[in-house]
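K.L.:
Before I ask anything, here is the structure I am working with.
The values are calculated or read from the model by the stated rules, or taken from the named source; none is laboratory data. The shown structure was predicted, so the numbers you read here are calculated from the model rather than taken from an experiment. Cβ coordinates were reconstructed from backbone atoms using ideal geometry, including for glycine residues, and neighbour counts include every protein chain displayed.
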Amino acid sequence: MKENIKLRKELFVETLLEWYKINKRCFPWRKESDPYRILISELMLQRTQARQVEPVYLEFIERFPNASMLVNSSIKEIESAIYPLGLAHRAIRIRHMAEQLQDKHLGVVPDDIKGLTDLQGVGPYVANAVLSFGFGKDVAVVDANVARVIVRAFTFSVRSSRPHTDRALWSFYQEMLLSGHGPDLNRAIIDFAAAICVARKPLHSQCPIRGHCDYFADHRNDCLVVQTG
Ligand code: SF4
């Protein structure tokens, strides 16, 4: 199982993309590719459930459809827009980010990692998410949930207690992103981690990649006991 890693990666990607065709989740920010909207959605999605974000995001985008509207709004207005997500404390940062967009990029979201991570409150995860979902680039988007799937499926050995910060894991996953399929694969693995390979009690028996999964191979009996127990 642990040999021929190239072939296993290919099978993993192929299977996940097939699974995603049928199981993809629908969110308002997935219906478009405006980088500003993607950026706002990703800032809201950090540590918050997507379903909770949906109504707040829609209202926010209507009130502040671009960086210029944010710059011309008061901190109080921004605070009240994101208050339902418990993010009111981020209003100053968001306004500052919008000011940076206006001053340095003429209100346009930059399409490079340096330009993005220079923005207030934008780290490598959000930057890559914007590059992937907003600009269609084949870059890895790895959060704790995505890292969990990779660690399990490939018994990937991480040195940190926070696997999603492990650069080697990012590189390992980056190698799987097929040309032109990066955004789909990123969303496929995010949805798969939320629906099947969940943190507690993963649904091994419904898992389309269990035939290529190290964790399943190593814990086969336990996995099936958990499923029926
Ligand atoms: S078989 Fe189980 S551990 Fe492996 S990817 Fe599927 S759900 Fe996750």
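K.L.:
Of the residues in segment 174-206, how many are among the basic types (Lys, Arg) and not in a helix (DSSP H, G or I)?
P.N.:
So the count comes out to 2.
K.L.:
Looking only at residues that are modelled with pLDDT under 95 and acidic (Asp, Glu) in segment 173-229, which one is nearest to the ligand (Cβ to nearest atom)?
P.N.:
Here the answer is 214.
K.L.:
I'm checking my understanding of the structure. Among residues of segment 102-118 that are in a helix (DSSP H, G or I) and within 22 Å of the chain's Cα centre (by Cα), which one is surrounded by the most Cβ atoms within 10 Å (Cβ to Cβ)?
P.N.:
Across segment 102-118, the extreme among qualifying residues is 116.
K.L.:
Further question: Can you find even one residue in segment 138-145 that is within 13 Å of the chain's Cα centre (by Cα), more than 23 Å from residue 109 (Cβ to Cβ), modelled with pLDDT under 95 and within 14 Å of the ligand (Cβ to nearest atom)?
P.N.:
yes
K.L.:
Return yes or no: is residue 22 closer than 29 Å to residue 209 by Cβ, of a type outside the set (Lys, Arg), modelled with pLDDT of 95 or more and surrounded by fewer than 19 Cβ atoms within 10 Å (Cβ to Cβ)?
P.N.:
Working: closer than 29 Å to residue 209 by Cβ: yes; of a type outside the set (Lys, Arg): yes; modelled with pLDDT of 95 or more: yes; surrounded by fewer than 19 Cβ atoms within 10 Å (Cβ to Cβ): yes.
Criteria met by residue 22.
Condition check ((1) polar (S, T, N, Q); (2) in contact with a strand residue (DSSP E or B) (Cβ under 8 Å, 6 or more places away or on another chain); (3) under 24 Å from residue 217 (Cβ atoms)) across all residues:
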| residue | (1), (2), (3) |
| --- | --- |
| 145 | yes, no, yes |
| 152 | no, no, yes |
| 165 | yes, no, no |
| 184 | no, no, no |
| 194 | no, no, yes |
| 197 | no, no, yes |
